[in-house]
1. Can you find a residue in segment 74-87 that is outside any helix (DSSP H, G or I), of a type in the set (G, A, S) and within 21 Å of the chain's Cα centre (by Cα)?
2. It is to be established whether one or more residues within segment 176-183 are under 14 Å from D408 (Cα atoms), part of a helix (DSSP H, G or I) and modelled with pLDDT of 85 or more.
3. Just need a number here: residues in segment 76-97 that are among the hydrophobic types (A, V, I, L, M, F, W, C) and modelled with pLDDT of 80 or more.
4. Is there a residue in segment 228-236 that is surrounded by 17 or more Cβ atoms within 10 Å (Cβ to Cβ), out of contact with any helix residue (DSSP H, G or I) (no Cβ under 6 Å at 6 or more places or on another chain) and among the basic types (K, R)?
5. How about segment 208-227: which of its residues are part of a helix (DSSP H, G or I) and either touching a Gly at 6+ places or on another chain (Cβ under 8 Å) or surrounded by fewer than 15 Cβ atoms within 10 Å (Cβ to Cβ) (or both)?
6. Only one of (1) modelled with pLDDT of 80 or more; (2) closer than 20 Å to S202 by Cβ is not met by L368, so which one is it?
7. So which pairs qualify, if the first residue must be in segment 203-228 and in contact (Cβ under 8 Å) with a residue 12 or more places away in the chain, the second must be outside any helix (DSSP H, G or I) and hydrophobic (A, V, I, L, M, F, W, C), the Cβ gap must be under 8 Å, and the two must be at least 6 apart or on different chains?
8. Restricting to segment 302-327, and then to whatever is part of a helix (DSSP H, G or I) and surrounded by fewer than 16 Cβ atoms within 10 Å (Cβ to Cβ), can you tell me which residue is modelled with the lowest pLDDT?
Amino acid sequence: MISGFQNASRVPELRRRVIFTLAMLAVYRLGVHVPTPGIDRAAMAAFFDQQKNTLFGFLNLFSGGALEQFSVFSLGIMPYISASIILQLLTVVFPYLERLSKEGEAGRRKITQYTRYGTVLLSIVQGTMIAIGLEGTQGPGGTPLVLTPGIGFRFMTVITLTSGTAFIMWLGEQITERGIGNGMSLIIFAGIVARLPSAVWSTFEFMRNGELGPLVALVILVLSVAIIGAIIFVERGQRRIPVQYAKRVVGRRMYGGMTSHLPLKVNTANVIPIIFASSVLIFPATMAQFAKHPWIQTISGMLAPGQWLYEIAQIALIVFFAFFYTAVVFNPNDVAENMKKAGGYIPGIRPGPKTAEFIEKGLSRITLSGAVYLCLIALLPSMLVRQFNVPFYFGGTALLIVVGVALDTVAQMETHLISRNYEGFMKRGRLRGRKG
C-alpha cells in the first residue's frame, strides 16, 4: 500500500489529478463554514445538539455539518441526486429521454443539462421550505433561530442555498472530469469523514460522563470493523460466467480460441441504491417537518430515521433502486449480442436470446443477494444506534458510502498505475469487480 502511494506520486498525470481533487475538496470544506445571513448560529448549534439521532441529524451527516451551521452548502448535493433519480425514472417513461440516453456523449450532455436545471428547481423548493420552517422554529430556551424573519430573509436564504448547491454540483463535475474518482460521491465521502473526529470525541465524552459504558464502546468498535470487512468482501465479490471464443481464420492467421469470463458483481449498483433511497425519503420528510398540519406532523414522525415505516420504506426503495440501476447500467441483451458478434458463447448455452436469458436470470439472482446485503448494512447499525444510544448518527449507510467510494477511488488510481507499468496498491491481487 505504501509503495502504491509512492508510485502514484511518480506519475505526473495521476499526481495532478490527486492534487486537483484534494484542492476541490478543500474548497468544499471551506464553504461548509461560510454562514448564511440572518441566522443565530449559537441557537442553531444548540438546536442540533438535540437532533443528532433524528432526521436533522441524518441530513446534517450527509451535508458534512453544513446544516448544523446553516452554511451556504446546507442543502449539500442531495438536490442533484434527487434530480438524477427523477431523470433516470423519466428515461424509462419518455421515449425522447430514452433516445438521448442512447445517443452517446451528446445525449449524455443533454441529460446532464436537464439534471442541472432540475437541481436548481429542487434547491429553490427546498430552500423555500427550510426558510419558512426556520422562521417558526425556536432553539432551547425559546431563542428564535432567525434574527429578522420576513420576505427578505426567505429570498436571501433561497438565493444563498441554491447558489451553494449549484457550486457544489460544479465542484463535483470538475472532480469527475479533471480529478480522480466520482466527484459527487467524493463530496459525500468528504462530508461524512469530516464528521468522524467530532463523533469519536463525543463518544469519549459520553464514556467519561458515564453515559456510555466501555464494554458497549468496544462492541461498537468491533462491530464497525466487522461491517467494514464485510463491505470490502462483498464489494469485491463477483460471479464469473465462463465465455468461450471460437477460432477464426483471417488470411493466414488464426484468431480466437480463447477462454474468458463475464464478471457479474454481487453489488453492481454499489452505493447508488442507498443514496437514492435516502434522498427520496429525505425530500418529503423535510417538507413535512416544517408544515403545521397535525396529520403532516404525524407522517413526518413516522418517516423519521429509526421508525418502522421509515425502515420499511428504505428497504423497499433500496431493493427497487438496486434492480433499477442494475438494469440501467447492464443490459443482458446488448451483452449477448456483442458476445455473439465477437464469436463468443457460454458453454452449454445457445448464442443470442438464450444467452441473454441465462445472463438475465443469473443477474437477477445475484442482484437480489446484493439488495439484501445493502438492506442489512443500512439497517443493522441504525438498530445499534437506537439500542445503545450512540451519540452520533454514523450507521451502515455512512460506512458503505465511505468504504465504497474509497474502493472506487483506489481502483481508478490502480488503473492509472498499471497503465504506466507501475506496481499498484495490491501486490498479489487486483481490485476485482469494479469494471463489471
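The values are calculated or read from the model by the stated rules, or taken from the named source; none is laboratory data. Just so you know, these numbers come straight off a predicted model, no measurement behind them. Heads up, the Cβs are rebuilt from the backbone with ideal geometry, glycines too, and the neighbour counts pull from every protein chain shown.
1. Taking segment 74-87 and keeping what is outside any helix (DSSP H, G or I), we get 74-77.
Cutting the leftovers down to of a type in the set (G, A, S) gives us 74, 76.
Cutting the leftovers down to within 21 Å of the chain's Cα centre (by Cα) gives us 74, 76.
Yes: one or more hits.
2. Kept after step one, since they are under 14 Å from D408 (Cα atoms), are these residues of segment 176-183: 176, 179-183.
Those still in the list that are part of a helix (DSSP H, G or I) too: 176, 183.
Subset that is modelled with pLDDT of 85 or more: 176, 183.
Yes, segment 176-183 has at least one match.
3. Within segment 76-97, the first condition is being among the hydrophobic types (A, V, I, L, M, F, W, C), and the residues that meet it are 77-78, 81, 83, 85-87, 89-90, 92-94, 97.
Now drop any that are not modelled with pLDDT of 80 or more, which leaves 77-78, 81, 83, 86-87, 90, 94, 97.
Looking only at that region, the number is 9.
4. Yes: segment 228-236 contains one or more residues that are surrounded by 17 or more Cβ atoms within 10 Å (Cβ to Cβ), out of contact with any helix residue (DSSP H, G or I) (no Cβ under 6 Å at 6 or more places or on another chain) and among the basic types (K, R).
5. Restricting attention to segment 208-227, the residues satisfying the condition of being part of a helix (DSSP H, G or I) are 208, 214-227.
Across segment 208-227, the qualifying residues are R208, P214, L215, L218, V219, L221, V222, L223, V225, A226, I227.
6. Condition (2) is where L368 drops out.
7. T203/L212; T203/V390; T203/F392; F206/L212; L212/V390; I220/V390
8. We begin by selecting, within segment 302-327, every residue part of a helix (DSSP H, G or I); these are 302, 308-327.
Restricting the remaining residues to those that are surrounded by fewer than 16 Cβ atoms within 10 Å (Cβ to Cβ) gives 302, 308-309, 312, 316, 320.
Details: M302: 72, W308: 77, L309: 80, I312: 87, A316: 91, F320: 91.
Ranking the qualifying residues of segment 302-327, first place goes to M302.
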